Amino acid sequence: MPDSMPYLIAIAIVLLYILNSIKILKEYERGVIFTLGRVRRDPFGPGLIFVFRPIQQIVRISLRQEAMEVPSQDIITRDNVTLKVNAVITLRVVDPVKAVIEVSNYIYQTSQFAQTTLRSVLGEVDLDQLLAHRDQLNQRIQTIIDGHTSPYGLKVVAVEVKQVDMPENMLRAMAKQAEAERERRAKIIHAEGEFNAAAKLVDAAALMATQPMTLQLRYLQTLTEIGVEKNTTIVFPLPMELINIFNKTIGTPALAPPTAPDAGPKE
């Protein structure tokens, strides 16, 4: 029995080594294995694999999408407005081997590319373009970052400008601008209403001119509306032509329309 102890110990060591060499990769994981420093071009996984240390080494890479927040950046737009802008980038690894051997830390490098691209792209547009055409700017930033990250096996799925912080004086100026715009629209709508009302009055006057009796009917309708409101004062419109006919009958000079006062003796 003592002679078999070394063999049992050796077998136990071999079994422990084999058990330690067993690696299980999840469905969303891939393993990049280096054998004596050389990498195999096809990644391993998912499932059960063997990694025999120290001859082989494994680097696990996740293929799931990752959301990376770009820190707030100080932006000066083309119209010299200072802003603080941050963004969110969604990316995923499409080539695990390149993500391991082409770059030391693909998350850090993508973050640096995103910060510089965000400053350069947003610095080329005006504030109004940044607020009104954010989708186009997001697409442009995504295209630029994706061009930088594709050599090391990354795909930028989406880029979204998350928040735009403006100074207080700029917020007040924008509020005044919006208020002035609303007042302008209100005045235009009011003027259009007056114009339409004037046009309808002209049409009504032309129609009443063909039938003089319609004016009397309109007058009676107005009296009816006044009577419904229980008013004690009734105003009767009296045409100037009727007064002139009455004056001619009794021999009084006809009333003339008022004239402007005399400005004084002429030199």
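Taking segment 40-77 on its own, how many of its residues are in a strand (DSSP E or B), of a type in the set (A, V, I, L, M, F, W, C) and more than 30 Å from T116 (Cβ to Cβ)?
First, the residues of segment 40-77 that are in a strand (DSSP E or B): 44, 47-50, 56-62, 66-76.
When the remaining residues are screened for being of a type in the set (A, V, I, L, M, F, W, C), the result is 44, 48-50, 58-59, 61, 67-68, 70, 75-76.
If we keep only those that are more than 30 Å from T116 (Cβ to Cβ) as well, we get 44, 48-50, 58.
So the answer is 5.
All of (1) more than 24 Å from T110 (Cβ to Cβ); (2) under 35 Å from the mean Cα position of the chain (by Cα); (3) not hydrophobic (A, V, I, L, M, F, W, C) hold for D95 with one exception: (1).
Identify, from the list A173, A180, the residue that is in a helix (DSSP H, G or I), under 21 Å from T77 (Cβ atoms) and among the aliphatic types (A, V, I, L, M). It would help to see each step written out before you state the result.
Details: A180 fails: under 21 Å from T77 (Cβ atoms).
Exactly one of A173, A180 is in a helix (DSSP H, G or I), under 21 Å from T77 (Cβ atoms) and among the aliphatic types (A, V, I, L, M), namely A173.
Can you tell me which residue among S104, S120 is surrounded by fewer than 17 Cβ atoms within 10 Å (Cβ to Cβ), in a loop (DSSP other than H, G, I, E, B) and hydroxyl-bearing (S, T, Y)? Residue meeting the stated conditions: S104.
Among the conditions (1) touching a Ser or Thr at 6+ places or on another chain (Cβ under 7 Å); (2) part of a loop (DSSP other than H, G, I, E, B); (3) over 24 Å from Q177 (Cα atoms), V125 misses just one, which is (3).
Any read-out appearing in this document is the output of simple, stated calculations on the displayed coordinates, not a laboratory observation. Everything numeric in this text was worked out from a predicted model, so none of it was measured. Positions of Cβ are backbone-derived with ideal geometry, glycine not excepted, and every protein chain shown enters the neighbour counts.
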